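One structure is given here, and the rest of the page talks about it.
What follows is calculated from the coordinates using simple rules that are stated; it is not laboratory data. Only a predicted model underlies this, so the values are computations on that prediction, with no experimental measurement involved. All Cβ positions, even for glycine, are placed from backbone atoms using ideal geometry, and neighbour counts span all protein chains on display.
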Amino acid sequence: MGNTLKEKTISGFKWSFLDNVGKVGGQFVIGIILTRLLSPADFGLVGMLTIFIVIGQALTNSGFGQALVQKKDADLTDFSTVFYFNILASTFIYFIIYVCSPYIASFYNEPQLVLLTKVICLNFVINAFGLIQIVYLEKALDFKAPSIIGIVSVFVSGAVSIVLAYKDFGVWALVVNTVLRSLITTVLLWFVSKWRPVLIFSKKSLATMFSYGSKILLAGLLQSVFRNIYYLIIGRVFEAKSLGYYTRAAQFTELPVNTLTTVIQKVTFPVFSSIQNDTVKIVDGYTKVYRLLAFAALPLMAFIYITSEPLIEIVLGEKWLPVVPYLKLMCVYSWLYVFFAINNQIITIKGRSDFYLRIQIIDKVFIVLAILLTYKYGISALIYGHMIATVLTFFVGCYFLKKIIAITLYSQLRNIFPFFVASLFMLIAGILLSKVITNNIQYLLACFTAAPGIYILLLWLFKVEELNHGFNQAKEYLKKLKRQKL
């Protein structure tokens, strides 16, 4: 059983990694093309709807999907009940948004948002039809099919949106991209997954999962709202163009962070749920995952920081340079979200969704205070406020984590220390290089060469286990390739 679980976990990581790299890579390339074809105001209009989209999506997901994964003996009745509940909930939510669309447009003083809202929020209903299919596959640790489907949907919808942008459809290229990607994903999931709902709706089943799922729903709703509340505030207080700059900065930061977080959470949640009663195994697995995240997240955000200006100018063009200061500020603290997410996952796996909800409520109090103190002073001030709120919330999460499992703040800091120091030296080296090399191409080439070299050298000096493991894996892979050629 242990070997089977280990093999499934490794396979899950592989396919989840390929899924997210493929989707993120595709979205990144498609996003660059769309950014060159569209205006900051187009991105700003979609940014204005972001908070309503994430609220609707959080309500549609309802928390029962995670409850199904966490519940060891979930059966066909449970899956079918949640499926029908999600369909009803998503339809109701879409109806509410549909009716409120004129008020949303009036709030932003943007009349075209009426139709944009009605179309883009169709995602709620479309995604609800595919949610349980994904849960069913992930609970079985089958990530291959969803990975392939995710990549296909990104590239097909992206190609259509690029054509629309080229034909001067403006913001509608972004809307079609979002809706079409969900539609393709849902249709393909039904073709691939063997699970089908039966005509059963059990109130008892729903009630059983309600205690866990409702807290996850409320916490997820709070998290979704407040992670995106800045879009609402910036869209209301500043012009659409300014929101467009903020939106692109957030997307550039969130792509790597969300990729790492999604890859880890998608695989570790069902794996850790299967061993939730074995504290020793969970602590051991958590430590390995935590160090792996530090190994990847810290240097990645440092690299984005030092290369942000030349990359934005070369890839997106000079009209997008106002993105740079926002992007750099976000890089300073965004990596903390990765660790915050894995800590929260351990808390929910241990069944303490009440603790998870408390953390989210405290986090939102910090965010509200930060917004009230900073919004009058511009977008950069808002980001600084969010930075402080993120750090404080991380410490709160550490406190609750320690209450349920033997993982202290000190152990977390000790685990990330070598990676933090190596990333810091990498960051300093990049800043010093920018003072010497003024040509963007030459500077990027220098960073791509020097930054990884400095990071790897310092990890080697620190005798970091993960680096040696990576080298050994690479050697084994090369040996395997040689054997195949022979």
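Cross-link pairs exceeding 32 Å between alpha carbons, from the set 364/463; 288/328; 204/402; 364/403: 364/463; 204/402. Dimensions of segment 316-378 along the principal axes, based on C-alpha atoms and rounded to the nearest Å, stand at 49, 27, 15, largest first. In order along segment 346-352, phi translates into HN-Hα couplings of 4, 4, 6, 4, 6, x, 9 Hz, rounded to whole numbers, per the Karplus curve 6.51 cos²θ - 1.76 cosθ + 1.60 with θ = phi - 60° and x for Gly and Pro.
Here the 3J(HN,Hα) profile of segment 430-439, calculated from phi with Karplus coefficients 6.51, -1.76 and 1.60 at θ = phi - 60°, is x, 5, 5, 4, 5, 7, 9, 9, 9, 6 Hz, Gly and Pro shown as x.
The amide H of residue 74, built 1.01 Å from its N in the peptide plane, has no neighbour under 5 Å, considering only residues 5 or more places off or on other chains. Highest mean packing comes first when the peptides 383-389, 93-99 are listed by Cβ atoms within 10 Å, giving 383-389, 93-99.
Give the peptides 344-354, 239-249 in descending order of average Cβ contacts within 10 Å, highest first.
Working: 344-354: 20.8, 239-249: 22.8.
Ranked from most to least packed, the peptides come out as 239-249, 344-354.
Computed from phi, the 3J(HN,Hα) profile of segment 304-311 under the Karplus parametrisation 6.51, -1.76, 1.60 (θ = phi - 60°) reads 4, 4, 6, 10, 4, 5, x, 5 Hz, with x in place of Gly and Pro.
Stretching residue 191 away from residue 39 to a fully extended chain increases their span by 51.0 nm, per 0.36 nm per residue minus the current alpha-carbon distance.
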